[in-house]
Every structure is written in C-alpha cells, then in structure tokens.
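The values are calculated or read from the model by the stated rules, or taken from the named source; none is laboratory data. Only a predicted model underlies this, so the values are computations on that prediction, with no experimental measurement involved. No Cβ is skipped: glycine too gets one built from the backbone with ideal geometry, and neighbour counts run over all protein chains shown. Each accessible area value is taken on the protein alone, full model and side chains, heavy atoms only, with ligands, DNA and RNA left out. Shrake-Rupley method; radii C 1.70, N 1.55, O 1.52, S 1.80 Å.
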Amino acid sequence: MVGGGGGGGVGAGLLENANPLIYERSGERPVTAGEEDEQVPDSIDAREIFDLIRSINDPEHPLTLEELNVVEQVRVQVSDPESTVAVAFTPTIPHCSMATLIGLSIKVKLLRSLPQRFKMDVHITPGTHASEHAVNKQLADKERVAAALENTHLLEVVNQCLSARS
C-alpha cells in the first residue's frame, strides 16, 4: 500500500523535504462543565477529532502532523448525528511518497479511537499532491487498508507514527 523510499523516521535515505516549514501548535482545548458532566451526552466535534490526530508523528521528521501543518482543524468535518468524520490532510510537498502512510496513520488513529458507528473519510486536500486520486482510492478501500495493517512491518511503522515521542 505504501511505496518505499527512505525518510529519516522510516528507513535509510535522503529526506524528500529536508527543511519543512514548522508551524506553531494550537493551544489545548478548555474542558467545559457540560463535558465533565457524565449525565450530559457529549457529541464528538471537529476539535475532538483534531485533538486525536494532531500529535501523530510525521514518518520522516521528528515533528507532528500539526507542526508540519499536514492536519488542521479547519479541514476536519464531523457529523455526530450522522456518524461521519472527514479529514483532509495536506502533504508538505506535492510528490510526498509518505502520503499514503500519513493517511493510513490518521485512519488507524480514528479507527482505534472512535466508536464503530462512525464512517471515516480520510483524504488528501484537493490539489495538494501529484497522486491524490490514487492515494485517496487506496485510503477509501477497506480491504486494502485491512491488508496493509496485516503487514507487520507496515503496522510497526504506523504504530511508530502513533506513539508518543519521548
């Protein structure tokens, strides 16, 4: 599902984007009294989804997807009543070979974090990647995603992207 090509975080080789722009992290979301009240139903919103994916590690750089501006809250759409989540992500360069891996990492984080009732659409922000249609097709194909996650090496790389950096 993901092409080879070495980034510093995944394998040996030269970085495709050796000097990426680094963006400031947004602040933590304040918790409201309604969210702390266990008697009040708490719907899932765009900020909650963004908080789940913002700290995913980039496969090539010791930075998060938020710090590289790959994910932004404005590119997250959620409908709790309809149980849908859509996340558009923007690779740092138009020929990024890690785009599928980044999308897969976002998808896995959401699959592991959200109730099963949610349908997820993880895709490249339109017009930001040379192979966006091919990558989006892979990410939308449940069988291909499942097969990719059966690959132990690929699953290990995804888990590295999802693990907290020390």
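Given points 7 Å out from each Cα along the Cα-Cβ axis, report the Ala146 to Ser163 separation in nanometres with one decimal.
Between Ala146 and Ser163, the label points sit 2.8 nm apart.
Scan the range 50-128 for GluC sites (Glu not before Pro) in coil per DSSP, keeping those whose Cβ has at most 10 other Cβ atoms within 10 Å, and list them by number.
Answer in residue order: Glu82.
Compare Thr92, Thr125 by solvent-accessible area with a 1.4 Å probe and give them largest first, with all protein chains kept in place.
So, going from the largest accessible area down, we get Thr92, Thr125.
Heavy atoms only, 1.4 Å probe, whole protein assembly: order Ser83, Ser131 by accessible area, highest first.
Final ranking, largest accessible area leading: Ser131, Ser83.
Share of the range 36-166's accessible area from carbon and sulfur, percent, 1.4 Å?
Of the solvent-accessible surface of the range 36-166, carbon and sulfur hold 50 percent.
How much accessible area per residue does the range 46-162 have, in Å², with a 1.4 Å probe?
Averaged over the residues of the range 46-162, the accessible area is 46 Å².
Go from 0 up to the bin containing the longest alpha carbon distance in the range 46-162, width 10 Å each, and give me the % of pairs per bin.
Per 10 Å bin, starting at 0, the Cα pair percentages come out as 14, 50, 33, 3.
Given His123, Ser113, Ser97, which one lies farthest toward the positive end of the charge dipole of the range 82-166, if we put +1 on the Cβ of every Lys and Arg and -1 on the Cβ of every Asp and Glu?
Ranked along the dipole, the leading option is Ser113.
Which distance in nm do the two modelled labels at Arg75 and Leu111 give, with both placed 7 Å along the Cα-to-Cβ direction?
Calculated label separation equals 2.1 nm.
Between the range 99-166 and the range 60-81, what is the C-alpha centre distance in whole Å?
After rounding, the separation between the Cα centres reads 13 Å.
Among the trypsin sites (Lys or Arg not before Pro) within the range 103-150, which fall in a DSSP loop and have no more than 11 other Cβ atoms within 10 Å of their own Cβ? Please report the intermediate quantities before stating the final value.
Working: sites: Lys107, Lys109, Arg112, Arg117, Lys119, Lys137, Lys142, Arg144; in loops: Arg117.
Here the trypsin sites (Lys or Arg not before Pro) that fit, given the DSSP loop and packing criteria, are Arg117.
Under a plain spin-label model, where a point goes 7 Å from the Cα along Cα-to-Cβ, how far apart in nm are Ser83 and Glu156?
3.6
Taking the Cα centre of the range 95-166 as origin, work out the dipole magnitude from +1 charges on Lys and Arg Cβ and -1 charges on Asp and Glu Cβ, in debye rounded to 20. Could the numbers behind the result be given before it?
On the way: 9 positive and 6 negative charges, 56 e Å.
Magnitude of the dipole: close to 280 debye.
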